[in-house]
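The values are calculated or read from the model by the stated rules, or taken from the named source; none is laboratory data. Model, not experiment: these values are computed from the prediction. Ideal geometry is used to build each Cβ from the backbone, glycine not excepted, and the neighbour counts take in all protein chains shown.
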């Protein structure tokens, strides 16, 4: 439950715009791999270096859905972590008892109604088919409310396929622990407001949320390995074409504070990097590529500060 809840919050905060990769209309505007120039040949994924005086911050960009325990070349990253002052991790989700109660309460569908009674027939049928297709029992979700059910289905399907929504950061955390590299989150957020928005959705918004998340699940399970292979070799064009955008934010898109949350996430990322650059030595951070490369994203804001930024070295 904690993993589902944290993933929901972090993905909603950090992965902008709801367009799905198989319906690319505005998706290429989210983060543009064409803007990246590969300058040298190194093994492993794309890696940016921001330098200010005697300080360096290495940025590893991540995809919204990645293959867990994929054997990407970690040699270079390991050498950097060996000498790093700190590994900066993503925002930490904090949920108080009121928030948790709200989320639990949102699970029900009302007296004598199941999930499949309240979903539109086409959406309910797709939910059932995706569960069965992935070896899950559709009846296990019948007592959950639509939004909770589809988030739980997403987590269960990704678990069965060995997919992760918190890599490559999770791998970096394991590597940092082995090396006893200090770690700290870039920020701490409260989940109460997000859960409130999910509970207060209109019927139309709720159904759209479920439909878009089902599309995300279907696309991710079919394309994640290809996206991951491309990511591991700094092929951002192929990675982008085979990577879904998170549907979670589509569920919150009607909320007036959604854009403010995304801006805050970018601000906090830039602030954490800025603080790391104020101290001599090396630091490491994993940032979703959508936050790093979107218009007015973290990379643009760092460039505006005048720091020396090296493009990814492949």
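Filtering 70, 58 for residues that are modelled with pLDDT of 90 or more and either farther than 30 Å from residue 277 by Cβ or part of a loop (DSSP other than H, G, I, E, B) (or both) leaves a single hit, 70. Look at (1) touching a helix residue (DSSP H, G or I) at 6+ places or on another chain (Cβ under 9 Å); (2) at pLDDT 90 or above; (3) closer than 30 Å to residue 132 by Cα and you find that residue 253 fails only one, number (2). Within the stretch 154-167, the residues that satisfy the criterion of being part of a helix (DSSP H, G or I) and either under 21 Å from residue 60 (Cα atoms) or without any contact (Cβ under 8 Å) to a residue 60 or more places away in the chain (or both) are 156, 159, 160.
Of these, 151, 171, which one is within 23 Å of residue 227 (Cα to Cα), modelled with pLDDT under 90, within 16 Å of the chain's Cα centre (by Cα) and part of a helix (DSSP H, G or I)? Give the derivation first.
Working: 171 fails: modelled with pLDDT under 90.
Exactly one residue qualifies, and that residue is 151.
Considered as a group, the residues in the stretch 186-197 that are within 18 Å of the chain's Cα centre (by Cα) and in a helix (DSSP H, G or I) include one that is modelled with the lowest pLDDT, and that residue is 194. Entry remark, the stretch 224-240: residues being crowded, with 18+ Cβ neighbours inside 10 Å and part of a helix (DSSP H, G or I) number 9 in total.
Residues of the stretch 136-156 that are surrounded by fewer than 21 Cβ atoms within 10 Å (Cβ to Cβ) and under 28 Å from residue 72 (Cβ atoms): 155, 156. Looking across the stretch 278-303 at every residue that is buried (at least 21 other Cβ atoms within 10 Å of the Cβ) and part of a loop (DSSP other than H, G, I, E, B), the one that is modelled with the highest pLDDT is identified as 297.
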